[in-house]
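Since every read-out is calculated from the coordinates, none of them should be taken as a lab result. Here the structure is a predicted model, which is why all the values come from computation and not from measurement. Glycine gets a Cβ as well: all are built from the backbone with ideal geometry, and neighbour counts include every protein chain shown.
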Amino acid sequence: MLKISVITAVYNNCETIQQTLNSVLSQAYPTVEYIVIDGGSTDGTLKILDLHKSKLDVYISEPDGGIYDALNKGILHSTGDIVGFLHADDLFESSDILEKIANAFDIPGVEAVYGDLVYVRKNDTSKIIRYWKSCAFNEKLLHKGWMPPHPTLYIKRSVYERLGMFNTSYLIAADYDLVLRFFGKGKLFSSHIPQVLVRMRNGGISNKSLKTIIKKSLEDLSILRRNQIGGILALISKNLLKLRQLIPNQEGQ
């Protein structure tokens, strides 16, 4: 049976970290390694984490260089066959999500599995405001700004060993760079689960202000060019895809 390492990076998220912990710890899949990397929280997060310390396989609290540095740290400490993330604002859609992900890896040759994602209101996770419906991977999609919803993406740990981890020179869009490296140059064979796997609270770092939206767009453009996937047209297409996710969708209601 495959072991799945789930990594949560957290910094001053005392309002939501309890729900995230519960979401991972309530998963029915039996072989889960749970890794929590805290960046030195000062708001009460550590008190909550300390209550669950005995249930965490790896628990580190120390200053870091930001979320991607923390996620890299988690990857380095992981021992699972598969590695994925549940951020401190996020929730699994149900208690059988990791089981479904593990089953998807039964397909011979699969190195990555991902699904769909919904953005929900920060104070009411039952209210969906954006539906990120993904699809089976086709390399041509990368040139149109496509990427799988990163919070749903689970990858074999051997891929990180082969292709590297997050590039921490990118402060907001290192996940996009990783996806282009892995799915573009890395030619990962992947499987898409056509259902919502994760609920993500709206208001993350990448869209909290106009300034960060502009900064993220500049990072995205640099990443597209660096990975020789495309340029400004791919960036425009990427942002148009986000607008489509706001259109009411029967599955996303």
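Taking 29 Å as the cut-off for C-alpha to C-alpha distance, list the pairs among K55/K187; K122/K238; K133/K187; K73/K215 that go past it.
K55/K187
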(message) For the chain, what does the relative contact order come out to in percent, with C-alpha contacts under 8 Å and a separation of six or more?
(response) 21 percent
(message) Out of the chymotrypsin sites (Phe, Trp or Tyr not before Pro) in segment 106-208, which ones are loop residues according to DSSP with at most 16 other C-beta atoms within 10 Å?
(response) F189
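Per DSSP helix of 4 or more residues, -39500 (n - 2.57); summed, then divided by the residues of the chain. What does that give at 222 nm, rounded to the nearest 500?
On the way: 9 runs with 82 residues, N = 253.
Calculated at 222 nm, the ellipticity per residue is -9000 deg cm²/dmol.
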(request) Can you grab the distance from the C-alpha centre of segment 153-190 to the C-alpha centre of segment 26-49, Å, no decimals? (result) 23 Å
(message) Need one number: % antiparallel among DSSP beta bridges in the chain, to the nearest 5.
(response) 35 percent
